[in-house]
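Have a look at the structure below, then the notes.
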Amino acid sequence: ALYAVAEVGGVQGIYRFVASDGRSFDDEPSPPGAVLVPSEAWEGAALATPELSRVGSEIWLFYGAEAGIGLARSPDGVSFEKLDAPVLGAAIAGWDLGAIPRSPGHVELEPGDHRLFYETDGGLGEARSVDGITWQRESAAVLEPAPQSASDPPFDAVSVGDPEPTVAHSSEGRRITRVYYEGVGGDGQSAIGLAARFGDSGPLIRALAPALSTSRKPRDPAVLSYGEVSLLHFTRQAGTSTAQDYPALALAVAPATLV
C-alpha cells in the first residue's frame with residue numbers, strides 16, 4: 001500500500017493506493033475516500049508528507065501540517081485515529097529554535113527506541129521517544145547542507161530535507177542507520193542523497209555522490225527493502241516540458257544492475 005497526498009473529487013487529503021507487486025499501483029484509491037484529511041485547527045488547510053510504519057499490531061501514520069508533525073494510528077491501515085495535538089511542534093530551544101518541523105521520517109531501532117528525523121530550516125534534525133508520542137530533540141542537526149565548492153559544486157549545498165530512515169547491518173553485524181534525503185543545489189536542481197552512521201546517535205556522514213539523480217527534480221524518497229533488493233519510491237516532475245510540470249510518483253531499484 002502506498003499513501004500519497006492527492007486531491008480526489010475535490011477533497012484534498014492522504015489517500016491509499018494498492019499494488020500486488022509493489023510497483024504497479026491502481027489508479028483509484030482503496031478505499032475511495034481519503035484515509036486522513038485536515039480536521040484540527042493546528043493542521044491548517046492541508047496535510048503533507050505521509051510516513052507509514054508498522055509498530056506492533058498497528059500502522060502509524062506521521063504527517064506534516066501547519067503547526068508541526070502529527071500522528072494517526074490504525075489497526076488496519078484504513079481507519080486512522082489522530083492524536084489531538086502535534087507530536088512535534090516548533091522548537092522552544094536549541095539549534096532549530098522557533099522552526100516548525102516538516103517531512104517526518106520514522107524508524108524504530110528496537111522496541112521502545114523510536115527515532116523521528118525531520119526537516120527544518122534547511123537541515124535535518126532528530127528526536128527520540130520511548131512511546132512514539134513524547135519526543136526529545138537532539139541538541140544539534142544530524143545533517144546540514146554540504147560546504148560550497150567552486151570546483152565541484154555539491155548537489156546538496158543549499159538544503160537537505162525529506163528524510164527517509166532505514167536500518168541495515170554491516171557484514172560484521174553492526175547496525176547502520178541510513179537516511180535518504182532530498183538535496184538541493186545552487187542551480188535549483190534536486191537529487192536523492194544518502195547519509196548514514198554506525199550506532200544509535202551522532203551526526204550522519206553523507207555519501208560523496210547522490211543515490212539517485214535525474215533532470216526531473218526527484219524528492220520525497222520512500223524506501224522498501226526486500227532482502228538484497230530495495231525499491232525507492234519518489235516524487236518527480238512528470239516530464240521535462242512545461243505541459244508536464246506536475247508531480248508524479250516514480251520508482252527506482254537497487255542494486256542498479258538488477259534486470
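The values are calculated or read from the model by the stated rules, or taken from the named source; none is laboratory data. Quick caveat, the model's predicted, so the values are computed rather than measured. A quick note on method: Cβ atoms are made from the backbone with ideal geometry, for glycine too, and the neighbour counts reach across all protein chains shown. The accessibility values were calculated without ligands, DNA or RNA, using every heavy atom of the protein model including side chains. Shrake-Rupley method; radii C 1.70, N 1.55, O 1.52, S 1.80 Å.
Summing +1 for each Lys or Arg and -1 for each Asp or Glu, what net charge is found among the other residues whose Cβ lies under 13 Å from the Cβ of residue 154? Don't skip to the end; give the middle numbers.
Details: positive: 206; negative: 144, 152, 156, 187.
That sum, taken over residues with Cβ under 13 Å, equals -3.
What does the C-alpha gyration tensor say about the overall shape of the stretch 205-244? Classify as rounded when a/c is under 1.5, otherwise prolate if a/b is larger than b/c, or oblate. Walk me through the numbers before you get to the answer.
Numbers: a/c = 3.11, a/b = 1.66, b/c = 1.88.
Since a/c reaches 1.5 but b/c is at least a/b, the shape of the stretch 205-244 is classed as oblate.
When the chain is modelled as a GNM with alpha-carbon springs shorter than 10 Å, which of 205, 92, 100 fluctuates the most?
Residue with maximal mean-square fluctuation among 205, 92, 100: 92.
In the chain, carbon and sulfur make up what percent of the accessible area (probe 1.4 Å)? Working shown, then result.
Values: 6800 of 13130 Å².
Reported share for carbon and sulfur atoms: 52 percent.
Residues of the stretch 37-166: accessible area per residue at 1.4 Å, in Å²? List each step's numbers first, then the result.
Numbers: 5720 Å² over 130 residues.
For the stretch 37-166, the solvent-accessible area averages 44 Å² per residue.
When the chain is modelled as a GNM with alpha-carbon springs shorter than 10 Å, which of 93, 140, 46 fluctuates the most?
Comparing 93, 140, 46 in a Gaussian network model of the chain, the most mobile one is 93.
Using Cα pairs under 8 angstrom and six or more residues apart, how large is the relative contact order of the chain, in percent? Spell out each step's value before the answer.
Details: 623 pairs, mean separation 22.4, N = 259.
So the answer I get is 9 percent.
If you take all C-alpha pairs in the stretch 1-126, what percent of them are over 27 Å apart?
Percentage above 27 Å: 19.
³J(HN,Hα) across the stretch 199-207 via Karplus (A = 6.51, B = -1.76, C = 1.60, θ = phi - 60°), whole Hz, x for Gly/Pro?
Going residue by residue, I get x, 9, 8, x, x, 8, 9, 7, 6 Hz, with x marking Gly and Pro.
Project the alpha carbons of the chain onto their principal axes and report the range along each, largest first, in whole Å.
50, 44, 38
Summing +1 for each Lys or Arg and -1 for each Asp or Glu, what net charge is found among the other residues whose Cβ lies under 12 Å from the Cβ of residue 95?
Numbers: positive: 137; negative: 96, 121, 126, 138, 144.
Net local charge, residue 95 excluded: -4.
When the Karplus curve 6.51 cos²θ - 1.76 cosθ + 1.60 is applied with θ = phi - 60°, which whole-Hz ³J(HN,Hα) does each residue of the stretch 210-215 get, with x for Gly and Pro?
With the stated coefficients, the stretch 210-215 comes to x, 6, 8, 9, 9, 7 Hz.
Under 8 Å for C-alpha pairs, at least 6 residues apart: give me the relative contact order for the stretch 117-226, rounded to a whole percent. Walk me through the numbers before you get to the answer.
Numbers: 245 pairs, mean separation 22.8, N = 110.
For the stretch 117-226, the relative contact order is 21 percent.
According to the Cα gyration tensor, what semi-axes, each the square root of 5 times an eigenvalue, does the equivalent ellipsoid of the stretch 107-248 have, listed from largest to smallest in whole Å?
Each semi-axis is √(5λ); the values are 27, 18, 16 Å.
May I ask you to give the average projected area over all directions of the convex hull of the Cα atoms of the stretch 171-251, in nm² rounded to one decimal? Show your work: numbers first, answer last.
Numbers: hull surface 26.3 nm².
Mean orientational projected area (the stretch 171-251, Cα hull): 6.6 nm².
Give me the net charge for the shell around residue 115: Cβ to Cβ below 10 angstrom, other residues only, Lys and Arg +1, Asp and Glu -1. Write down the numbers at each step before the final one.
Values: positive: 128; negative: 108, 113, 126, 138, 200.
Net of charged neighbours comes to -4.
In the P(r) worked out for the stretch 43-113, what percent of Cα pairs fall beyond 16 Å?
Details: 1285 of 2485 pairs.
Counting pairs separated by more than 16 Å, the tail of P(r) holds 52 percent.
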